[in-house]
Amino acid sequence: LEPEEIADFLFGVLPEQILAGTKITITAGPTREEIDPVRYISNHSSGKMGYALATAAEELGAKVTLISGPVNIAPPAKVTVVCVSSAQQMHDAVMQTTDECDIFIGCAAVADYRVQQKIAQKIKKSDDKLTLTFVKNPDILHDVAHLAKPPFTLGFAAETQNLREYALGKMQRKKLNMIAANDVSDSKIGFNSEKNALTVFWSKGEKTLEVADKLSLAKQLMQIVAQRYQENIKD
Ligand code: PMT
């Protein structure tokens, strides 16, 4: 092809850089809460949804920092990836970005609890029952949204029932601009699958994004985030 034809083609397929100059922090993947030197509790998050959002945001021109729990995915091109393990580490890494963050997206499946005291040596099998005491982890999304000058915030709500009610409750309690409700009762979508479906809520509207592969869904979601973010700045 002639250079002009290549340029025409690229301008036709590359998305408009509607988030140029915008700094976005995204959390992705699970967290691991250690019990003893060889055991931990975690969940089935693969990180695919969060990584797809990072790719989609970067394609729209944003400068993206992806704070990732332990996953097996190659880092997206042109995205800064910070690898963490526990919820506390994810919290600390996120808080280091908030001074310069315009948009925060909490897609990680953060463990709500950790063991009160990590046991120094491997727990030996002795009694028939083992009791562990758990304490609450910091809520990263809540803490970001309650900063004195919070960024525009998008949270996720992974629910197996009462999707709308629970998601709207989380949006209100955590003081979020938007929430993406993720029905995780169907194992074909959501956690550790190639596809997903979301219903996105904000104060004056909602939109359902039908089942699609995670990158295509992330692209649709980032368009909505960009529109809402820009309208929010104007208000
Ligand atoms: O990673 P994949 O396999 O691709 O799967 C994607 C996904 C299902 C994990 C993702 O789409 C999703 O729904 N992420 C949110 C999972 C979750 O833990 O949701 P929640 O309803 O428990 O948490 C609500 C929100 O608070 C989330 O934005 C979560 O990131 C945030 N949170 C929760 C607890 C905590 N201590 N800190 C937080 O920031």
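Every number here is computed from the coordinates shown, using simple stated rules; none is lab data. Given the structure is predicted, the values throughout are model-derived calculations rather than measurements. Here Cβ is always computed from backbone atoms with ideal geometry, including for glycine, and neighbour counts include all displayed protein chains.
The table below gives the values:
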read-out: Prolate/oblate/rounded call for segment 162-235, Cα gyration tensor, a/c under 1.5 rounded; value: oblate
read-out: Built amide H within the under 5 Å cut-off of residue 47, gap 5+; value: 29, 192
read-out: Per-selection metrics, segment 16-144 (Cα): Rg and Dmax in Å; value: 16.8, 62
read-out: Descending semi-axes in Å of the chain, equivalent ellipsoid built from Cα gyration tensor; value: 33, 20, 18
read-out: Unit charges on C-beta of K, R, D, E only; dipole of segment 127-208, Debye; value: 460 debye
read-out: Dipole of segment 21-120, positive direction: furthest Cα of 116, 53, 70, with charges on the beta-carbon; value: 70
read-out: Other-chain or far-sequence residues with amide H under 5 Å of residue 153's (modelled H); value: 104, 177, 178
read-out: Neighbour-count ranking [beta-carbon atoms within 10 angstrom, fewest first] of 65, 160; value: 160, 65
read-out: Within the chain, percent of DSSP bridges classed antiparallel, to nearest 5; value: 40 percent
read-out: Dipole of segment 1-134, positive direction: furthest Cα of 80, 96, 35, with charges on the beta-carbon; value: 35
read-out: Per-residue HN-Hα couplings for segment 184-191 [Karplus 6.51, -1.76, 1.60; θ = phi - 60°; Hz; x = Gly/Pro]; value: 9, 7, 9, 5, 7, 10, x, 4
read-out: Dimensionless Rg ratio for segment 1-78, taking C-alpha atoms and the 2.2 N^0.38 Å reference; value: 1.54
read-out: Residues 91, 44 arranged by fewest to most Cβ contacts within 10 Å; value: 44, 91
read-out: Placed amide H near residue 82: partners under 5 Å, 5+ positions off or other chain; value: 66, 67, 68
read-out: Pairs beyond 20 Å (Cα-Cα), from 170/204; 48/195; 175/204; 48/78; 78/149; 63/136; value: 78/149; 63/136
read-out: Loop-resident sites, segment 150-188, for trypsin sites (Lys or Arg not before Pro), counting at most 10 other Cβ within 10 Å (DSSP); value: 188
read-out: Residue-wise HN-Hα coupling along segment 198-212, computed from phi with Karplus coefficients 6.51, -1.76, 1.60 (Hz; x: Gly, Pro); value: 9, 10, 9, 10, 9, 4, 10, x, 7, 8, 9, 9, 5, 3, 7
read-out: ³J(HN,Hα), Karplus 6.51/-1.76/1.60, whole Hz, each residue of segment 28-37, x for Gly, Pro; value: 8, x, x, 10, 10, 10, 6, 9, 9, x
read-out: Estimated FRET transfer efficiency when R0 is 41 angstrom, pair residue 223-residue 134 (beta carbons, to 0.05); value: 0.60
read-out: Where labels lie 7 Å past Cα in the beta-carbon direction, separation of residue 147 and residue 5 in nm; value: 4.8 nm
read-out: Aspartates and glutamates with Cα under 14 Å of residue 124, excluding same-chain neighbours fewer than 8 positions away; value: 36
